[in-house]
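Computed from the coordinates by the stated procedures, all read-outs in this text should not be read as laboratory data. Owing to the predicted nature of the structure, the values given are computational and were not obtained by experimental measurement. With ideal geometry, Cβ positions are generated from the backbone for all residues, glycine too; neighbour counts draw on all protein chains shown.
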Amino acid sequence: MIRSSARFISPLKPLKPLKPLKPLKSLKSLASLESLKSPQSHPSLKPRWSRLARTSAAVLSAGALITAALGALAPQAALADETAICYNCPPEWADWASQIKAIQQKTGIRVPFDNKNSGQSIAQLMAEQKSPVADVVYLGVSSAFQAKDKGVVQPYKPAHWDDIPANEKDPQGYWFAIHSGTLGFFVNKDALEGKPVPRSWADLLKPEYKGMIGYLDPSSAFVGYAGAVAVNQALGGTLDNFEPGLDWFRKLKANAPIVPKQTAYARVMSGEIPILLDYDFDAYRAKYKDHANVEFVIPKEGTISVPYVMSLVKGAPHEANGKKVLDFVLSDEGQKLWAEAYLRPIRANAMSPEIAARFLPAADYARAKPVDFGKMAEKQSSFGERYLQVMH
């Protein structure tokens, strides 16, 4: 028996056994034992009775604590089993908030929001290779080539694999497109202070737009790099010659551009960034869902359209859940949700005529020129280094 409850939660020490009670010799002894129910009648027994009571209370209390702890751990373990970690799934981007809500409703799998960009996600996956944390990752297409080369993703061909065009998936299943967007200007017209909506890459260099232009960091965020490829190609450059694009960025410095690393949807909506180099789907969402006075512009000189892709992380701790997430984003319901967020779903039939009618005319989208995604990936790192030299 434990002799004292005062130190019950400290490391236990060997205890001296209590002396055994002497056998009863008579009914009188039995009567005296019965009187132990009232220790006050036996002052000499009070200390032992008190210790016994305290010890019993401590044991019962400890048992309750252990039971409660085990009970608390059970739902936590169950919750962990129902989780899939996605890197680069921010709620404000591409309406991941609605997609993640639907994933939990339909599969029971909880996917926490994550605000990394493509470059940050790959860096994190590389740092965690010996002990992976993420299960799936969402990336701009050129970043997907890098993820495969770095060995941080593994093959998986989800449901509806055959519906994905051959040039928008890795043949072995290391990555596959789920939707695409077209680069242009996401403009908050109320924040322009009476200035005209810019219509071209050249317009953005005009002094009247100083302090009004934003773009995501091309050395880190895929959308930033896609914007750089778009302006470079529109001004006559190629993936082997970024000089036209770099020269444009040099000139843009005079207009004090704002360069965040993560999605800046809220900053456009608030008017902090009146003009953002961004995708059509963000502008349409602001216009048709948030009813903001915004406009999407495809610049006169041209632009590009690019897919976003997903991959199963190599060594994913919740691999089965990760696969269910990847299956869902390509399902009929998942693709419909992307279309309702004004992305072009990779399964084109998920786009309803009503949603399609809200996009700019096909003549405007004809200014989006094709690009070699593999070569785009190959040149991304070297462009990022040169961009940083130019801007700093």
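With both bridge residues required to lie in region 181-304, what share of the DSSP beta bridges run antiparallel, to the nearest 5%? Show your work: numbers first, answer last.
Working: 10 of 13 bridges.
Of all bridge pairs located within region 181-304, approximately 75 percent are antiparallel.
Just report the Cα centroid separation between region 316-392 and region 115-165, whole Å.
14 Å
Shape call for region 181-304 from the C-alpha gyration tensor, a ≥ b ≥ c root eigenvalues: rounded (a/c under 1.5), prolate (a/b greater than b/c) or oblate? Can you show the working numbers first?
Working: a/c = 1.65, a/b = 1.42, b/c = 1.16.
Here region 181-304 falls in the prolate category.
Using unit Cβ charges (K, R positive; D, E negative) and no other charged atoms, how large, in debye to the nearest 20, is the dipole of region 181-304 about its Cα centre?
Values: 14 positive and 15 negative charges, 41 e Å.
Charge dipole, region 181-304, about its Cα centre: 200 debye, nearest 20.
Classify region 302-341: rounded, prolate or oblate, from the alpha-carbon gyration tensor (a ≥ b ≥ c, eigenvalue square roots; a/c under 1.5 rounded; otherwise prolate if a/b is larger than b/c)?
In terms of gyration-tensor shape, oblate.
Stretch Val390-Arg250 to full length: gain in nm at 0.36 nm per residue minus the Cα-Cα span? The partial results should precede the final answer.
On the way: separation 140, 0.36 × 140 = 50.40 nm, distance 0.65 nm.
Result for the pair: 49.8 nm of gain on full extension.
Name the residue farthest towards the positive end of the dipole of region 181-304 from the options Tyr215, Leu183, Ile304, assuming +1 on Cβ of Lys and Arg, -1 on Cβ of Asp and Glu, about the Cα centre.
Tyr215
Please state the charge dipole magnitude for region 108-262, taken about the Cα centre, from unit charges on C-beta atoms (+1 on K and R, -1 on D and E), reported in debye and rounded to the nearest 20.
The dipole of region 108-262 has a size of about 380 debye.
Given Ala230, Trp248, Val268, which one lies farthest toward the positive end of the charge dipole of region 181-304, if we put +1 on the Cβ of every Lys and Arg and -1 on the Cβ of every Asp and Glu?
Farthest along the dipole direction, towards plus: Val268.
With a 10 Å radius around each residue's Cβ, average the other Cβ atoms per peptide and rank 192-198, 337-343, highest first. Before the final figure, lay out the partial values.
Details: 192-198: 13.9, 337-343: 23.7.
Answer by packing, highest mean first, reads 337-343, 192-198.
Going Cα to Cα from Lys375, which aspartates and glutamates come in below 18 Å? Please leave out same-chain ones fewer than 8 positions away.
Output for Lys375: Asp149, Glu168, Asp170, Asp240, Glu243, Glu385.
Is there a pair in Lys287/Lys379; Lys287/Lys323; Lys101/Lys289; Lys150/Lys300; Lys116/Lys287; Lys169/Lys324 whose C-alpha atoms are over 28 Å apart, and which pairs would that be?
Result: Lys287/Lys379; Lys287/Lys323; Lys150/Lys300 exceed 28 Å.
If you place +1 on the Cβ of every Lys and Arg and -1 on the Cβ of every Asp and Glu, how big does the dipole about the Cα centre of region 75-154 come out, in debye to the nearest 20?
Working: 7 positive and 8 negative charges, 21 e Å.
Value, rounded to 20: 100 debye.
Using a Förster distance of 51 Å, how high is the FRET efficiency between Arg358 and Glu208, based on the Cβ-Cβ distance and rounded to 0.05?
FRET efficiency, Arg358 to Glu208: 0.95.
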